[in-house]
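Inspection log for the structure reproduced underneath, given as structure tokens.
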4 protein chains.
Amino acid sequence: MSLKHITNYDPEMEKARGFNIEKMIGCVQVPLGLAGPLRLRSGQAVKDYQVPMATTEGALVASVNRGCKVIRESGGCEVVVKNIGATRGPVFKVRGIKQGDELIGWVKKNVRQIKKVAKASDKHLKLLKIKSQMIGRYVWLRMEYDTGEAMGMNMVTIATERVVELIKKELKIRCVSLSGNYCVDKKPSWLNMIEGRGKQVWAEVKVSEKIVGEVLKTSSEKIVEVVKAKQWLGSMVSGSMGFNAHYANVVAGVFLATGQDAAQVVEGSMGITTAEVDKNDLYFSVYLPSVMVGTVGGGTRLATQKEALGILGLSNKKGDAIKLAEVVGGAVLAGELSLTAALASGDLARAHMKFGRGE
Amino acid sequence: MSLKHITNYDPEMEKARGFNIEKMIGCVQVPLGLAGPLRLRSGQAVKDYQVPMATTEGALVASVNRGCKVIRESGGCEVVVKNIGATRGPVFKVRGIKQGDELIGWVKKNVRQIKKVAKASDKHLKLLKIKSQMIGRYVWLRMEYDTGEAMGMNMVTIATERVVELIKKELKIRCVSLSGNYCVDKKPSWLNMIEGRGKQVWAEVKVSEKIVGEVLKTSSEKIVEVVKAKQWLGSMVSGSMGFNAHYANVVAGVFLATGQDAAQVVEGSMGITTAEVDKNDLYFSVYLPSVMVGTVGGGTRLATQKEALGILGLSNKKGDAIKLAEVVGGAVLAGELSLTAALASGDLARAHMKFGRGE
Amino acid sequence: MSLKHITNYDPEMEKARGFNIEKMIGCVQVPLGLAGPLRLRSGQAVKDYQVPMATTEGALVASVNRGCKVIRESGGCEVVVKNIGATRGPVFKVRGIKQGDELIGWVKKNVRQIKKVAKASDKHLKLLKIKSQMIGRYVWLRMEYDTGEAMGMNMVTIATERVVELIKKELKIRCVSLSGNYCVDKKPSWLNMIEGRGKQVWAEVKVSEKIVGEVLKTSSEKIVEVVKAKQWLGSMVSGSMGFNAHYANVVAGVFLATGQDAAQVVEGSMGITTAEVDKNDLYFSVYLPSVMVGTVGGGTRLATQKEALGILGLSNKKGDAIKLAEVVGGAVLAGELSLTAALASGDLARAHMKFGRGE
Amino acid sequence: MSLKHITNYDPEMEKARGFNIEKMIGCVQVPLGLAGPLRLRSGQAVKDYQVPMATTEGALVASVNRGCKVIRESGGCEVVVKNIGATRGPVFKVRGIKQGDELIGWVKKNVRQIKKVAKASDKHLKLLKIKSQMIGRYVWLRMEYDTGEAMGMNMVTIATERVVELIKKELKIRCVSLSGNYCVDKKPSWLNMIEGRGKQVWAEVKVSEKIVGEVLKTSSEKIVEVVKAKQWLGSMVSGSMGFNAHYANVVAGVFLATGQDAAQVVEGSMGITTAEVDKNDLYFSVYLPSVMVGTVGGGTRLATQKEALGILGLSNKKGDAIKLAEVVGGAVLAGELSLTAALASGDLARAHMKFGRGE
């Protein structure tokens, strides 16, 4: 059959062949839009970003864009990012809980040697912390690594294999799987909600009653009630790990645009939204525990994705990965605020009819 | 700045402007590869598919392709799909638990009228079931709809608004939010794990000891031990809702290629893998409770995505959405089996070094 | 060694020997106190109860008693109870997902025969509903039974064994375990949170600003903030299934006093508290999804426990088990309101110093 | 009405009046049985215990007793206990994420001063570790304390209040609630599953094929399949935090007998069981992350409970609380093994008919 559209792609994308993908037959194209400017306050710095988002679902960019307007008119949003690091959690087989306890003790006593071994595998990487768990004859070690501007799963996997070899050599203990789901990569998990993974991101904004009314066409009280009834109680009665409205839409849009791993939208979209009325004004915040992003390597090497990162002014400069996490946090705040307000004012279905979608 | 790559896209993609996206500045391009043929057995039918996957992460297509080979040489994989339907879960505010109880009772008594009202909003849609919950002064209704070949969130949102209007008119009860996170859309949730959403998908394959050894370079015992130590116990100790290795990678690849909503990878990648040794042969299965897919509407209208669906022979024919869910299930089975085997044989890090990634 | 206290017990307790316990050496004695009167409104009925609670932890009875006073002065609390029924969830081994799907289909088609078989095992029992799940080669059936005034786990286990024998006879499918943790008995679970088990209980009270201030020594706003920061957000960040302060204390106290199964405090204490300010007054509610109680059989046969049930006016009369669930709900509401208020007014540590404990 | 049984109690129990309970009207009596001897191996020590259990549910003591026999004939079970400590997790209100971040930073920098302040409140207590979390305008601190032989919630609550006062004085930050459900006390939670609380307990036993057949009347293979289908997959499909059969029964029995807080059975019964076939022999293990026990204070002061502790040879000697946790772990192992074997051999319903109960 003819694949004239799939095969009609930017020649530069040929770079992907073999490295980013196998059996490549062309490219699928995803519409790219810009939301913003998004004004971020981080520490002392204030910066505006045009946020590139790739999506096939109408209303998303418009919704984030409306949120950015609210944030801008409110003097920007505050962002805090904590660099937890990429993690890999191998699982080992021991003879029993006594030997398992010894393994955990040995790791505690030999952290410096383990860090040296990890470092030797890649000078861009630094082992920060090791957490352990034991169940019956299985022991898990969760190693957290600073991977610079790279998302880093490849580096940490290789480094972890070195550590596994050390343990095998020193203690004659077998590793069952280099990844033991104690990482936890690309799965929703309470471990990542509680400990964080990659970048842990918080963002907040204070919006005046006037702006809530004029731009969001609703009231602080109504927004707070939606957060309570939907994001909190609604997620409680559903046993959901996502106490939010639609982080996934925004995270997916930015991840796709900037060459991040689309599968990491799963953990990247977990999180908790809060809202309160503050003397008729609105306080609104988001928390994302597990944002795995990088500005070098993987999909960021590709022509269109690299250009999208360029729109944000991000490349391989020190701190750029943190900045990308800040942008994700701010964009999620914008999108969450806008959709929550749409729900509060009863706009969702109308938005669906006007554009192609909503939540 | 120059955006020569982003702006160098297939003219047909212009269709997206305004409908699929706002403030469009071009397209991001995602490399597309083919894995397969994937041999599926569904009821009496046996069918081979070339599975299009869009990704920027090396090794994924190769890994799924290897899984397809194993499945093919094993006579294909069995797939079962149950159509649960798209859901929307509005939340209402009542005076107290007595009125809440009355609301739930009224809904039970008036299901036929409610179905008629929903139907009136869109003839392609059918309300199948209503589930309810109450906490204090809040009541949630979860409406499950058959939406034909469409993923359907737009249709069900509009239909649900009609039902909400009916309840407001008949009972004078206010809806706080048209979506009350009782849906549950784009968030991981036990409600969807337990009840299913969209399409509930099971897939399994029986692989001979010989094929496990020759193609997967490991043994049935080793694969079963990885599933036990990683997918099961590893996810238990991490409080994960994903008792699997990397459903998200495969689901994201197929969703992106075929124009599905990338944010629905979150719920679409939840699920449970099983494996057992059956007289030295391997039994391997996957379960995906919440696969939201469609072959019409949304991103499926776009040129490259429509072509990718064409490679699967899917368009707007009755049953095509179910077939797409079957392909997702089979591809996930292939990818899960291949990565689990790589972990069992200690290949993961090597794969990482050879290609750009793994899990 | 001398066991003069353990062996110094009420002669009537000898009844327990062999039936309630094996290798009996005497009795442990648990102090019994009375809280109340607790005023309950259920449908049209209004009734006052003196609530017996057995505990070794100071401040608990006093705290529930204070809550009862608030409820009384507020005209009583509203209670709604839904009888879900006792459940048993056996797990079966099938050849694969095709046969599993057939099993589930067969059960749907033969519900009437299955109900007859269950009924035949015990005339006091009625099979209400069957829910199913499948993962790989395993199928679970969750059978919900009305067991009258008995908690009923023995009856439903025996009845379920009959159903299992029928399936074995008709379909030649083997049951791996008569209880497959799909019940879910004595473990916290989202299945019970979502579906309910035993009795599903809601209770609420509206308290005037005046009473909140005079009796609870705090304000509605402060109580609402504690519920938000502790019961809701605090439990979200902890990955807790209990969005409450201390249901377990009250449920354990009443269960111990009335001869319920102490292990069922686990599921019986799951639940969600809500609070809102209603024109300066306080709206406060509790939800308990899974209260397994009975007024006949098991520990209710014992002399001291039977007397405690007598204090509530409950025995084997039709509806008494529902009434006991109402009392549990009301007592939990009282205790939850009192402790939340103590936290809001900064009393907890003082309570700890004065009595022996708090939460 | 006459309360001749409730009021017919051991005179010594009068001690409870006012301290352990308010509005005391007498005692409820719970039958006490002995299971054992239970042979425990901890480090180099080997010790036999007669385990007192208080219950009203037939078959429990018999079942644990059978497990003790299997353990004894297998040379005893291995136990490992890690003392995490009692925890209290207050929640604070900050102006925003910037101040929240500062609070967390201040705590990190001033740990030594904080430890001193905590110590000053009670010389028997030692602050070990502080963990933090932030969501919007709320910050939680989880303080882990060594409380010697006491369960310790009273001590840690008072000590935590001192720390709260210090933070208020130094940073002018308000504490919303002294307990912010980040503790997490008496609620099931992933935080405790992952971090542990009180005592973290592991126990395991290796049972020969011969003993499995002769005493447990089944095979290692069958027991392993029940653990897989029920404790693991069954709990996965139910969204349960308890990957076990009935820890709650055993924990409740020992807690009631020895004067522990019955409400802490909730967290104390969470945990994960494993089983594997080891050359036809059986390896079986249990993990309990959150066992809150003490041998002094609270209910351990009471005559019958103190005598039950005496049967175990435990009082206020250094290490006795750890020993009690070891006994809980060993007894849970015995009960879990026995019930799992009963299910594997199809005995459950028969046990129900013979005695009064089972799971």
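The values are calculated or read from the model by the stated rules, or taken from the named source; none is laboratory data. Note that the coordinates shown come from a computational prediction; the quantities given were computed from them, not determined experimentally. Because the Cβ atoms are built from the backbone with ideal geometry, glycine has one as well, and the counts that use them run over all protein chains shown. Calculation scope for accessible area: heavy atoms of the full protein, side chains included, ligands and nucleic acids excluded. Shrake-Rupley method; radii C 1.70, N 1.55, O 1.52, S 1.80 Å.
Mean per-residue shielding of peptide D:201-208 is 2, counting Cβ atoms of other chains within 10 Å of each Cβ. Each Lys and Arg adds +1 at its Cβ and each Asp and Glu adds -1 at its Cβ; summed about the Cα centre, the range C:79-235 shows a dipole of about 780 debye.
Note down the nm distance, to one decimal, between modelled labels 7 Å out along Cα→Cβ at residue A:172 and at residue D:17. It is 6.6 nm.
Among A:175, D:183, the order of accessible area from largest down is A:175, D:183, computed with a 1.4 Å probe on protein heavy atoms. Here the 3J(HN,Hα) profile of the range D:219-234, calculated from phi with Karplus coefficients 6.51, -1.76 and 1.60 at θ = phi - 60°, is 10, 4, 4, 5, 5, 4, 5, 5, 4, 5, 7, 9, 5, 9, 5, x Hz, Gly and Pro shown as x. Solvent-accessible area of residue D:128, all protein chains in place: 70 Å² (probe radius 1.4 Å, heavy atoms, ligands and nucleic acids excluded). Magnitude of the charge dipole for the range C:189-273, about its Cα centre and with charges confined to Cβ atoms of Lys, Arg (+1) and Asp, Glu (-1), is about 120 debye. Legend: residues C:320, B:122, sorted from most to least accessible area (1.4 Å probe; ligands, DNA and RNA excluded), read B:122, C:320. Per-residue surface analysis assigns residue B:5 an accessible area of about 30 Å², computed on protein heavy atoms at 1.4 Å probe radius. Surface listing: D:186, D:4 arranged by accessible area from highest to lowest gives D:4, D:186, probe 1.4 Å.
What you get for the protein assembly as shown, charging only the Cβ of Lys and Arg (+1) and of Asp and Glu (-1), is a dipole of about 0 debye around the Cα centre. Explain nothing, just the number: relative contact order of the range B:19-110, from Cα pairs under 8 Å at least 6 residues apart, as a whole percent. The value is 26 percent. A point 7 Å from Cα along Cα→Cβ stands in for residue A:48, and the other copies hold the same point at 5.8, 7.0, 8.3 nm, listed in rising order. Of B:119/B:187; C:93/C:187; C:93/C:169; B:187/C:230, which ones are farther than 19 Å apart at the Cα? Beyond 19 Å: B:119/B:187; C:93/C:187; B:187/C:230.
How would the range B:203-290 be classified by its alpha-carbon gyration tensor: rounded, prolate or oblate, with rounded meaning a/c under 1.5 and the a/b versus b/c comparison settling the rest? Taking the square roots of the gyration eigenvalues as a ≥ b ≥ c, the range B:203-290 is oblate. Placing dummy labels 7 Å off each Cα toward the beta-carbon, the span from residue D:95 to residue A:108 is 4.1 nm. Over chain B, dividing the summed -39,500 (n - 2.57) contributions of all DSSP H runs of at least 4 residues by the number of residues returns a 222 nm mean residue ellipticity of -11500 deg cm²/dmol. With a threshold of 25 Å on the Cα-Cα distance, the over-threshold entries among C:15/C:115; A:228/B:116; A:206/C:222 are C:15/C:115; A:228/B:116.
Mean partner shielding of peptide B:335-343, defined as the number of other chain Cβ atoms within 10 Å of each residue Cβ, is 1. Counts of other chain beta carbons within 10 angstrom of each beta carbon in peptide A:46-58 average 5.
Taking all protein chains as they are arranged and a probe of 1.4 Å, the heavy atoms of residue A:283 leave approximately 10 Å² accessible to solvent. Modelled label positions at residue C:83 and residue B:123, each set 7 Å beyond Cα in the direction of Cβ, lie 4.7 nm from each other. Which one of B:26, B:44, B:71 has its Cα pushed farthest toward the positive end of the charge dipole of the range B:1-108, where Lys and Arg give +1 and Asp and Glu give -1 at the Cβ? The residue sitting farthest along the positive end of the dipole is B:44.
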